[in-house]
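The values are calculated or read from the model by the stated rules, or taken from the named source; none is laboratory data. Note that this is a predicted model, so its numbers are computed, not measured. Cβ placement follows ideal geometry from the backbone for every residue including glycine, while neighbour counts extend to all protein chains displayed. The protein model used for the area step is the full one, side chains on, heavy atoms only, and it has no ligands, DNA or RNA in it. Shrake-Rupley method; radii C 1.70, N 1.55, O 1.52, S 1.80 Å.
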Amino acid sequence: TITENASPSTVIGTLSSVDSDTTDTTSFTLATSGNTDDDDNGSFTISGTSLILNSSPDYETKSNYNIYINANDGVNNFAKAFTVSVTNINEAPTDIGLSTNTITENASRSSVIGTLSSVDVDANNTNTFTIATSGNTDDDDNGSFTISGTSLILNYSPDYETKASYNIYINVNDGANNY
């Protein structure tokens with residue numbers, strides 16, 4: 001088992017063999033199986049007895065890898081198929097969308113401005129949106145809006161001549177990560 005987004009060159013495990021000739025030295029190689037058992041050999045390398053990852057796995061793209069390993073004791077070969085499973089991790093959302101960012105002048109208080117959405121590779125996450133502090137001018141007008149579920153709601157009726165644009169800062173949390 002490997003964790004999603006593990007770094008290339010990560011040692012996945014240590015290979016061993018059982019041989020009745022205890023004086024034999026076993027060498028390990030990735031082998032051709034003639035079927036799907038070796039489909040993912042290219043994603044790994046073997047160095048001595050270490051099975052090493054060649055590239056970072058992405059659970060959403062591929063959750064299992066099929067490899068075929070040969071053990072050779074100098075005279076005899078024994079090959080076996082293995083499945084390496086990828087453990088999914090909760091990755092942070094990467095963007096926030098707003099269905100519309102235009103307010104009609106004199107729109108009534110409590111009007112829904114637009115619907116919030118997020119980009120998150122973990123499709124089963126429940127994302128929660130909040131108005132957040134940015135630490136700069138990006139949040140100057142946070143008090144003019146509230147969020148209910150995925151709806152951005154107006155707190156005050158806007159007057160174009162007084163203020164033509166608003167700066168708000170929104171956070172999305174997927175249960176573990178913020179964006």
Those residues of the stretch 132-179 which are under 24 Å from the mean Cα position of the chain (by Cα) and not aliphatic (A, V, I, L, M), in sequence order: Gly149, Thr150, Tyr169, Asn171, Asn173, Asp174, Gly175, Asn177, Asn178, Tyr179
Matching entry among Gly34, Gly48 (being on the phi > 0 side of the Ramachandran plot and modelled with pLDDT of 95 or more): Gly48
Residues being open to solvent by less than 50 Å² (accessible area, probe 1.4 Å) and either hydrophobic (A, V, I, L, M, F, W, C) or touching a Pro at 6+ places or on another chain (Cβ under 8 Å) (or both) - total across the stretch 1-29: 6
Of residues in the stretch 78-103 being touching a residue at least 24 places away in the same chain (Cβ under 8 Å) and more than 27 Å from the chain's Cα centre (by Cα), the one nearest to Asp141 (Cα to Cα): Ile103
Pick from the stretch 158-170, criterion within 15 Å of Thr102 (Cβ to Cβ) and among the hydroxyl-bearing types (Ser, Thr, Tyr), ranking: surrounded by the fewest Cβ atoms within 10 Å (Cβ to Cβ): Ser165
Close pairs (6 angstrom Cβ cut-off, 6 or more residues apart or separate chains): under 14 Å from Asn77 (Cβ atoms) in the stretch 11-36, modelled with pLDDT under 85 and open to solvent by 50 Å² or more (accessible area, probe 1.4 Å) anywhere: none
Sole exception among (1) aromatic (Phe, Trp, Tyr); (2) loosely packed, with under 12 Cβ neighbours inside 10 Å; (3) in a strand (DSSP E or B) for Phe129, by number: (2)
